[in-house]
Amino acid sequence: MKAPSVLVLGPDRGVISGVATHLNLLLGSALARRFNLVHFQVGSEGRKEGRVGMLARLIASPFRLAAAIARADAEIVHVNTSLNRRAYWRDLMYVLAAKLGGARVVYQVHGGAVRALQGPNRLVSALMRRVLRVTMQWPDAVVVLSRCELEDISQLVPRQNVILLPNAIDCRPFLEQRRPPSDPHAPLRLVYIGRLVGTKGLFEIVQGLALARRLGVAAQLVVAGDGADEARLRQAVHDLGIAEHVSFARPAFGERKAKLLGEAEVFVLPSYHEGLPYALLEGMATGLVPIVTRVGAIPDVVVEGVHGVFVPSRDAESIAQAIVALAADRARLARMSVACRERVASSYSIERLAAGFGALYAGLWGAASPKTAL
């Protein structure tokens, strides 16, 4: 019997982004052996086009999607989006085109928030909330990454099938990294892996490191990635006088990423906003203890004092205090490291994610779909 076809919408699979990672994991998982997953590229990432070309593509995209649905004989379209204005309005066209083409729609939200779409103006906010109530009922199922998103969208559209399916990773290459005991006489090894943009809390990280060193704590940081704020970040490191304690590495993938994580002890991501970062899951699977903010799905993964340390957003002093505390108690650091590996291996594996989406897709083909899958 021919495998059912599912069009999976998302960016170029070669770009550095959470959604691209999500696509690659799904397309390489057991889900792709059960369903015929066909990638349909959306967004500007990986394209060389000017404004005119981008506008022409946006106008043509719904028609291209309709043609792709017909070619693949797809009955399910999986839209990967975010609740920000640009992504919401763009991807709404794809939802509408898929529904008009007779397909069932899975609408997966990778970050953003209902309240962020509503705007600060009371009249605009009320109008946008009505628009959201209508359009969020168009998909056949809405998939979210965090419990707070599950509650927000369920309250907005109570009759919608809202499903909690957090991100997941292939745990094997990270669990295979052997972790020697943390040496209390050696500098605490910190790492950041991801895009080099200020909203990830990078400037607070280097400020916190500088403060911790002034308090007498030996700590070193590796920053792996690239992005719009790299030059500014390098200048900040120089101005803070910690250049010899911060190493910049190019973007890391595969074995090199696993090795970089395996050489560190603490993962730092005091981001201003997130969905569920893959780098966090990869770091925890390797045994790194995270210093993070309470944003997105991170509080669903990390328990304070068990797996990591929470800090307020935009607060370099709290990051410094967290570094000082972890450096002073290596036995606690070791216990938290073990708990991190167990947490990700048990609840955030690609096998769990593939099974969850398999049940959801099957539900859209006639079987009952789950309300949550964890």
Test result for Leu281, touching a Ser or Thr at 6+ places or on another chain (Cβ under 8 Å), part of a helix (DSSP H, G or I) and under 30 Å from Arg13 (Cβ atoms): no
Of the conditions (1) more than 27 Å from Leu353 (Cβ to Cβ); (2) β-branched (Val, Ile, Thr); (3) in a loop (DSSP other than H, G, I, E, B), Ile319 fails just one. Which one is it? (3)
Some residue of segment 231-247 being farther than 26 Å from Pro166 by Cα, of a type in the set (Val, Ile, Thr) and out of contact with any strand residue (DSSP E or B) (no Cβ under 7 Å at 6 or more places or on another chain): yes
Boolean, Ala331 is crowded, with 19+ Cβ neighbours inside 10 Å and more than 18 Å from Asn167 (Cβ to Cβ): no
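Look at Ala367 and say whether it is farther than 24 Å from Glu151 by Cβ and at pLDDT 95 or above. Even if it seems obvious, please write down each step before you answer.
Details: farther than 24 Å from Glu151 by Cβ: yes; at pLDDT 95 or above: no.
Taking the combined requirement at face value, the residue does not satisfy it.
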Answer yes if at least one residue in segment 70-88 is under 25 Å from the mean Cα position of the chain (by Cα), touching a residue at least 60 places away in the same chain (Cβ under 8 Å) and part of a loop (DSSP other than H, G, I, E, B), and no otherwise. no
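Give segment 86-111 a look and list any residue that's small (Gly, Ala, Ser) and within 29 Å of Ala67 (Cβ to Cβ), or say none.
Our first condition is that a residue be small (Gly, Ala, Ser); within segment 86-111, this holds for 87, 97-98, 101-103, 111.
Within segment 86-111, Ala87, Ala97, Ala98, Gly101, Gly102, Ala103 qualify.
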Given the structure, is Ala113 closer than 20 Å to Leu364 by Cα and either in contact with a His (Cβ under 8 Å, 6 or more places away or on another chain) or not β-branched (Val, Ile, Thr) (or both)? no
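Among residues belonging to segment 214-263 that are of a type in the set (A, V, I, L, M, F, W, C) and out of contact with any helix residue (DSSP H, G or I) (no Cβ under 8 Å at 6 or more places or on another chain), point out the one that is modelled with the lowest pLDDT.
Here is the first cut: in segment 214-263, the ones of a type in the set (A, V, I, L, M, F, W, C) are 215, 217-219, 221-224, 228, 231, 233, 236-237, 240, 242-243, 246, 248-249, 252-253, 258, 260-261.
Retained after the next criterion (residues that are out of contact with any helix residue (DSSP H, G or I) (no Cβ under 8 Å at 6 or more places or on another chain)): 228, 231, 253, 260.
On the way: Ala228: 94, Ala231: 97, Phe253: 88, Leu260: 94.
The qualifying residue modelled with the lowest pLDDT is Phe253.
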Those residues of segment 268-279 that are crowded, with 24+ Cβ neighbours inside 10 Å and either of a type in the set (Gly, Ala, Ser) or closer than 16 Å to Gln177 by Cβ (or both) come to a total of 2
Residue hits (segment 115-138; part of a helix (DSSP H, G or I), at pLDDT 80 or above and either surrounded by 13 or more Cβ atoms within 10 Å (Cβ to Cβ) or in contact with a strand residue (DSSP E or B) (Cβ under 8 Å, 6 or more places away or on another chain) (or both)) are Ser125, Leu127, Met128, Arg129, Val131, Leu132, Arg133, Thr135
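Residues that are under 23 Å from His307 (Cα atoms) and part of a loop (DSSP other than H, G, I, E, B): does segment 216-227 have at least one?
Going residue by residue through segment 216-227, those that are under 23 Å from His307 (Cα atoms) are 217-224.
Applying the additional criterion that residues be part of a loop (DSSP other than H, G, I, E, B) yields 217-218.
Yes, that holds for at least one residue.
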Among the residues of segment 90-108, is any farther than 21 Å from Leu353 by Cβ, free of Cβ contacts under 8 Å to residues at least 12 places away in the same chain and either out of contact with any strand residue (DSSP E or B) (no Cβ under 7 Å at 6 or more places or on another chain) or not in a loop (DSSP other than H, G, I, E, B) (or both)? no
Enumerate the pairs (first residue in segment 38-59 and in a loop (DSSP other than H, G, I, E, B) and buried (at least 16 other Cβ atoms within 10 Å of the Cβ); second residue anywhere and modelled with pLDDT of 85 or more and small (Gly, Ala, Ser)) with beta-carbon separation below 7 Å, excluding pairs fewer than 6 apart on the same chain, so at least 6 apart or on different chains. Val42/Gly10; Val42/Ser61
Residues of segment 62-90 that turn out to be surrounded by 19 or more Cβ atoms within 10 Å (Cβ to Cβ) and closer than 27 Å to Leu276 by Cβ, as a count: 12
Check whether at least one residue in segment 197-213 is in the same structural domain as Ala320 (by TED's automatic domain parsing), under 22 Å from Ala334 (Cβ atoms), in contact with a helix residue (DSSP H, G or I) (Cβ under 6 Å, 6 or more places away or on another chain) and surrounded by fewer than 17 Cβ atoms within 10 Å (Cβ to Cβ), and report yes or no. no
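The values are calculated or read from the model by the stated rules, or taken from the named source; none is laboratory data. Predicted, not measured: the structure shown is a model, and the values here were computed from it. Virtual Cβ from ideal backbone geometry, glycine too; neighbours counted across all protein chains shown.
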